[in-house]
Amino acid sequence: MSSTTPTPTQHRRNGGDLVVESLAALGADTVFGLPGQHALGVFDALRRSALRYVGLRVENNAGFAADAYARTTHGVAPLLVSTGPGALMTLAALQEAAAGSAAVLAIGSQVPLAGIGGGRHGYLHELTDQSASFRGVVKSVHTARTASQIPSAVAAAWESALSAPHGPVWLEIPQDVLLAEADVPPVTGLEARPRELLPRPELIAAAADRLTRARRPVILAGGGVVRAGAEAELLALAEQLRAPVATTFGGKGAFPWEHPLSLRSWMEDRYTTAFLEDADTLLVVGSGLGELSSNYHTFRPLGRVVQIEADLGKLESNHAALGIHADARAALAALVKEVGEREAGPDGDEDAPGSKAAGPGAGDAPSPEAAVSDLLARVRDRIAGQHLDLEQQVLASVRDALPDGAVSCWDMTILAYWAWSAFDPRRTNALHSAQGAGGLGYGFPAALGVAVADPARPVLAVSGDGGAMYSIAELATARQYDLPVTWLIVDDGGYGILREYMTDAFGAATATELTRPDFVALAESFGVPALRTTPEQLRTDLAAALAAPGPSVVVLPAHLRMFAPTHLDS
């Protein structure tokens with residue numbers, strides 16, 4: 001070594017090491033993020049850990065990738081960012097994670113301790129109260145002001161993120177604490193025990209009684225079923241009761257699409273809304289019956305509602321119900337057992353479930369399966385009358401091209417709105433979208449997060465040209481990590497859905513038309529194979545791209561339209 005070459009100083013463990021040791025002790029093996037000056041202590045510590053780091057080009061996109069990783073694994077996704085601008089850039093992604101119940105553990109740095117407390121000290125990235133920006137977005141906010149506080153703060157944040165309902169949390173640590181020498185042993189015995197949210201037995205008994213006595217029981221399954229992994233319990237209960245099941249957009253995949261009792265996901269359809277309204281007992285599981293799940297709040301139940309919801313704030317927030325504050329899986333498992341015992345017991349009413357349709361005048365009522373078939377036929381006829389052949393052709397081509405085991409991630413674009421209602425994911429937890437918070441730019445970085453979680457399967461991302469520009473930089477990420485993500489960009493020259501909304505409301509659209517790049521050439525400049533296709537060639541081209549290793553881009557120039565809304569006539 002030359003005498004002029006500086007000798008690296010021997011490393012002494014610091015706060016950054018405690019962060020990565022704590023994450024590893026809790027079971028993390030992957031972290032997402034983007035470095036910044038105040039966070040360098042924790043990023044340097046990654047070098048000495050076994051954690052896999054996936055770096056994105058924009059903090060918001062790193063948050064979307066972590067969100068989808070958490071949804072895919074049903075676990076915690078650590079997200080490492082810096083102070084001020086870097087931290088604030090994650091807010092849109094964390095809002096989506098909160099709406100979609102994704103357990104993202106965001107760890108951000110802070111200015112040095114001397115700059116905290118509201119004074120104006122002039123530190124780079126200084127905010128008067130950085131954590132205040134996160135309190136209205138995440139489940140919980142945590143801080144560590146000394147090195148010895150870091151392991152417990154990480155464990156508390158992890159526990160909060162993974163307690164039902166899952167959700168994002170924020171932990172911040174000052175720069176000097178991350179860099180300060182840590183005079184404590186390496187973290188090895190850290191534990192976090194997420195709180196179980198079990199249903200109260202008397203509520204389960206009351207719900208089971210209402211369901212077994214119902215003539216027309218119906219189930220609406222939301223995203224809480226998917227997040228809890230409660231698909232088997234939902235299927236068992238539906239078949240016990242012979243109750244038709246609709247899934248919300250967030251609950252897609254919670255119930256088999258082709259099952260005779262499946263109402264599918266036509267939540268913006270008045271026929272479906274009326275079917276749910278007509279149930280004498282409607283069981284709502286894992287949904288707050290918000291705007292998109294209630295056909296824009298036109299839903300008016302005529303019978304009783306039983307609601308199972310892990311988020312206490314959503315319980316009875318829109319409709320009076322027998323509210324059960326519980327994890328969907330635990331509550332459905334308890335209902336399956338209780339309903340089974342009631343149906344087998346001496347006091348059970350054999351004619352109670354809707355399948356038997358007992359009672360005066362009920363003998364002519366169709367079976368639940370026939371009622372489901374009739375509803376779906378009416379929905380098909382309504383769509384068929386709107387001359388939307390191109391849209392249905394494109395969606396069918398995407399479905400045919402996508403392997404059955406593959407996951408798709410959808411941005412806020414017209415084709416995604418079609419997919420919410422009409423796309424069969426063919427397995428659970430296989431379709432992710434930004435419909436919770438509704439921000440642009442989700443599809444591609446989310447697909448990268450899914451591919452990091454399961455690199456053996458191809459992943460499809462779907463965006464419009466407007467949304468694609470939010471995350472175009474992540475083509476570099478896809479190439480750097482050689483992730484098997486195919487990005488379908490539907491290019492209609494603007495914000496297509498806003499164009500429709502404004503034209504319908506005002507007779508003309510403003511600020512919706514966009515100058516956009518040559519997406520094929522742009523992708524190729526990143527070293528990502530790309531091609532331009534047509535609706536007729538889409539199935540073949542997309543299938544080939546998905547079958548090829550590594551990232552790819554398929555551009556479809558097409559002007560798609562939405563099906564007519566039904567809530568405006570209610």
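The values are calculated or read from the model by the stated rules, or taken from the named source; none is laboratory data. These numbers come from a predicted model, not from an experiment. Here the Cβ is made from the backbone with ideal geometry for all residues, glycine too, and neighbour counts use every protein chain on show. Keep in mind that these areas ignore ligands, DNA and RNA; they rest on the heavy atoms of the full protein, side chains included. Shrake-Rupley method; radii C 1.70, N 1.55, O 1.52, S 1.80 Å.
Numerical summary
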| item | result |
| --- | --- |
| Net charge over other residues, Cβ less than 15 angstrom from the Cβ of Gly223 (K, R count +1; D, E count -1) | -2 |
| Nearest-20 debye value, the stretch 103-198 charge dipole, Cβ charges on Lys, Arg, Asp, Glu | 300 |
| Note, ³J(HN,Hα) from phi for the stretch 474-482, Karplus 6.51, -1.76, 1.60, rounded to Hz, x at Gly and Pro | 6, 4, 5, 5, 4, 6, 4, 9, 6 |
| C-alpha center-to-center spacing [the stretch 266-295, the stretch 417-447] in angstrom | 20 |
| Given charges at Cβ of Lys, Arg, Asp, Glu: the chain dipole, positive-most of Ile173, Phe249, His387 | Ile173 |
| Computed P(r) (all Cα pairs; the stretch 294-338; 10 Å bins; percent) | 26, 48, 24, 2 |
| Cα gyration tensor shape of the stretch 53-212, rounded if a/c is under 1.5, else prolate or oblate by comparing a/b with b/c | prolate |
| Nearest-20 debye value, the stretch 405-511 charge dipole, Cβ charges on Lys, Arg, Asp, Glu | 300 |
| Long-range HN-HN contacts of Ala243 with modeled amide H, under 5 Å | none |
| Accessible surface ranking that places the most exposed of Tyr53, Tyr69 first, with a 1.4 angstrom probe | Tyr53, Tyr69 |
| Charge sum, other residues only, whose C-beta stays under 13 Å from Arg135's C-beta, Lys/Arg counted +1 and Asp/Glu -1 | -1 |
| Most positive-pole-ward Cα, Leu402, Gln537, Val54, against dipole of the chain from beta carbon charges | Val54 |
| Where the stretch 1-113 is the region considered: accessible area per residue in Å², 1.4 Å probe | 35 |
| Residues Thr188 and Ala508, FRET efficiency given R0 of 56 Å [Cβ-Cβ distance, rounded to 0.05] | 0.30 |
| In Hz, Karplus ³J(HN,Hα) per residue of the stretch 68-84 (6.51, -1.76, 1.60; θ = phi - 60°; x = Gly, Pro) | 5, 4, 5, 5, 5, 8, 6, x, 9, 10, x, 10, 10, 9, 9, 7, x |
| C-alpha center-to-center spacing [the stretch 186-228, the stretch 9-41] in angstrom | 36 |
| His142 long-range amide H proximity, modeled H, under 5 Å | Trp170, Leu171, Glu172 |
| Under 15 Å from Lys314, Cα to Cα: aspartates and glutamates that are on another chain or at least 8 residues apart | Glu291, Asp327 |
| Helix-derived mean residue ellipticity, 222 nm - over the chain, DSSP H n ≥ 4, -39500 (n - 2.57), to 500 | -11000 deg cm²/dmol |
| Dipole in debye (nearest 20) - the chain, about Cα centre, beta carbon charges: Lys, Arg +1; Asp, Glu -1 | 700 |
| Cα gyration tensor, the chain - rounded (a/c under 1.5), prolate or oblate | oblate |
| Rounded percent of accessible protein surface that carbon and sulfur make up, the stretch 181-252, 1.4 Å probe | 51 |
| From phi via Karplus (6.51, -1.76, 1.60), per-residue ³J(HN,Hα) for the stretch 232-243 in Hz, x at Gly/Pro | 5, 5, 4, 4, 4, 5, 4, 6, 4, 8, 6, 9 |
| Nearest-ten-degree value, helix 368-384 long axis tilted from longest Cα axis of the chain | 70 |
| For Val520, net neighbour charge (Lys/Arg +1, Asp/Glu -1) across residues whose Cβ lies under 14 Å away | -3 |
